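Before any comments, here is the structure.
The values are calculated or read from the model by the stated rules, or taken from the named source; none is laboratory data. Please read these numbers as outputs of a predicted model, since none were measured by experiment. Reconstructed Cβ throughout: ideal geometry from the backbone, glycine too, with neighbour counts over all protein chains shown.
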Amino acid sequence: MGILNVTPDSFYDGGQHPGPAAALAHGRRLAAEGADLIDVGGESSRPGAAPITSEEEGARVVPVVEALRRACDVPISVDTTKADVADAALAAGADVVNDISAGRFDARMLPLVAARGATIVLMHMRGTPATMQTAPRYDDVLGEVEAFLAERVRVAVAAGIHRDRIWIDPGIGFGKRREHNLLLLAQLGRLRDLGFPVVIGASRKRFLAAADEDDPADRLAASLAAATLASAAGAAVVRVHDVAATRRAVAVADALKRPGEHGD
């Protein structure tokens, strides 16, 4: 899943694609690098980010989805918690709704996805982006994330979403400390056992930093390691900024799963 942020303030690539033309160019680049899915986001979810209106988010996202749909055949997801934005993006050609709130922030989201027959990504998060990194604490992070995702799946199915249209995401970096993120990655099999495709988004995040002062631009090697280990542990989707490099890295994990099929 290639990340296409059309935001001024995302933690790594905010402001890099200002407007539909620049965003389309980057989306085509992600497709050419081998993205299986392009995730378009119009509202930053970095720690401390303030919310924006549906109107502003839709104005950023929908023209990009429309342009991408005309330009390439790669499936498109829309990264939003707002049903109005999801509805407009799905009408414009998106296939997947990637909701970091797992349908909790907007009561209309799950019924909308059900009515549209779209796929939804249900993600675990404590609080909101503005508050999630304020002293996050868990007694059993793996058990609590697992229970939350199982419950949100139950709610999504009750809303009419077919089980085959549900993916789950433990929310790496969303209301979690470094040790929480590492434990979730190390125990990914527990989440996979819930029976749904698991999405992992670790790319360039702070828990991968080698030192407190390092910049997200310095986290490529660590991001590739996280993506490869997640893939080897059974993640179905890795959400990344660096598609070409990640595809090469996770190909190693894929080969290790089926060593007899790859010749020399």
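Contact list please: Cβ distance under 9 Å, first residue in the stretch 128-157 and free of Cβ contacts under 8 Å to residues at least 24 places away in the same chain and exposed (fewer than 15 other Cβ atoms within 10 Å of the Cβ), second residue aromatic (Phe, Trp, Tyr) and part of a loop (DSSP other than H, G, I, E, B), pairs at least six apart or on different chains.
Hits for this filter: Glu144/Tyr138.
Going by what's in this entry, would Val113 be described as under 24 Å from Arg190 (Cα atoms), in a helix (DSSP H, G or I) and touching a helix residue (DSSP H, G or I) at 6+ places or on another chain (Cβ under 9 Å)? Spell out how you get there, then give the answer.
Values: under 24 Å from Arg190 (Cα atoms): no; in a helix (DSSP H, G or I): yes; touching a helix residue (DSSP H, G or I) at 6+ places or on another chain (Cβ under 9 Å): yes.
In short, no.
Only residues in the stretch 63-78 that are buried (at least 18 other Cβ atoms within 10 Å of the Cβ) count as the first member; pair them with residues that are in a strand (DSSP E or B) and among the small types (Gly, Ala, Ser), Cβ under 8 angstrom, at least 6 apart or cross-chain, and list the lot.
Val78/Gly41
Can you go through Val155, Val85 and tell me which one is in contact with an Asp or Glu (Cβ under 8 Å, 6 or more places away or on another chain) and not in a loop (DSSP other than H, G, I, E, B)?
Working: Val155 fails: in contact with an Asp or Glu (Cβ under 8 Å, 6 or more places away or on another chain).
Of Val155, Val85, the one residue that is in contact with an Asp or Glu (Cβ under 8 Å, 6 or more places away or on another chain) and not in a loop (DSSP other than H, G, I, E, B) is Val85.
Which numbered condition trips up Ala210, out of (1) at pLDDT 90 or above; (2) over 20 Å from Ile100 (Cα atoms); (3) among the hydrophobic types (A, V, I, L, M, F, W, C)?
Unmet for Ala210, out of (1) at pLDDT 90 or above; (2) over 20 Å from Ile100 (Cα atoms); (3) among the hydrophobic types (A, V, I, L, M, F, W, C): (1).
State whether one or more residues within the stretch 163-171 are surrounded by fewer than 14 Cβ atoms within 10 Å (Cβ to Cβ), closer than 20 Å to Arg116 by Cβ and among the acidic types (Asp, Glu). It would help to see each step written out before you state the result.
Looking only at the stretch 163-171, we keep the residues that are surrounded by fewer than 14 Cβ atoms within 10 Å (Cβ to Cβ), and these are 163-164.
Adding the requirement that they be closer than 20 Å to Arg116 by Cβ leaves 163-164.
With the extra rule that they be among the acidic types (Asp, Glu), the set shrinks to 164.
Within the stretch 163-171, one or more residues are surrounded by fewer than 14 Cβ atoms within 10 Å (Cβ to Cβ), closer than 20 Å to Arg116 by Cβ and among the acidic types (Asp, Glu).
Quick one: Asp214 ticks every box in (1) over 19 Å from the mean Cα position of the chain (by Cα); (2) loosely packed, with under 13 Cβ neighbours inside 10 Å; (3) part of a loop (DSSP other than H, G, I, E, B) except a single one, so which number is it?
For Asp214, the failing item is (2).
Taking the conditions exactly as written (under 19 Å from the mean Cα position of the chain (by Cα), in a loop (DSSP other than H, G, I, E, B) and buried (at least 19 other Cβ atoms within 10 Å of the Cβ)), does Ala102 satisfy them or not? Let's see the steps before the verdict.
Numbers: under 19 Å from the mean Cα position of the chain (by Cα): yes; in a loop (DSSP other than H, G, I, E, B): yes; buried (at least 19 other Cβ atoms within 10 Å of the Cβ): yes.
So Ala102 passes the test.
Is there a residue being surrounded by fewer than 16 Cβ atoms within 10 Å (Cβ to Cβ), modelled with pLDDT of 95 or more and part of a loop (DSSP other than H, G, I, E, B) anywhere in the stretch 7-22?
No, that holds for no residue.
Considering each residue of the stretch 158-181, count those that are assigned to a strand (DSSP E or B) and of a type in the set (Asp, Glu), and give that number.
Of all residues in the stretch 158-181, those assigned to a strand (DSSP E or B) come to 166-169.
Filter again for of a type in the set (Asp, Glu), leaving 169.
Here the count works out to 1.
Sort out which residues of the stretch 223-252 are part of a helix (DSSP H, G or I), closer than 15 Å to Asp36 by Cβ and either among the β-branched types (Val, Ile, Thr) or modelled with pLDDT under 90 (or both), and write them in order of number.
Within the stretch 223-252, Val243, Thr246, Val250 meet the criteria.
Residues in the stretch 45-60 that are of a type in the set (Gly, Ala, Ser) and either surrounded by fewer than 13 Cβ atoms within 10 Å (Cβ to Cβ) or in a loop (DSSP other than H, G, I, E, B) (or both): how many? Break it down into steps so the answer makes sense when it comes.
Filtering the stretch 45-60 down to residues of a type in the set (Gly, Ala, Ser) leaves 45, 48-50, 54, 58-59.
Cutting the leftovers down to either surrounded by fewer than 13 Cβ atoms within 10 Å (Cβ to Cβ) or in a loop (DSSP other than H, G, I, E, B) (or both) gives us 45, 48-50.
Matching residues across the stretch 45-60 total 4.
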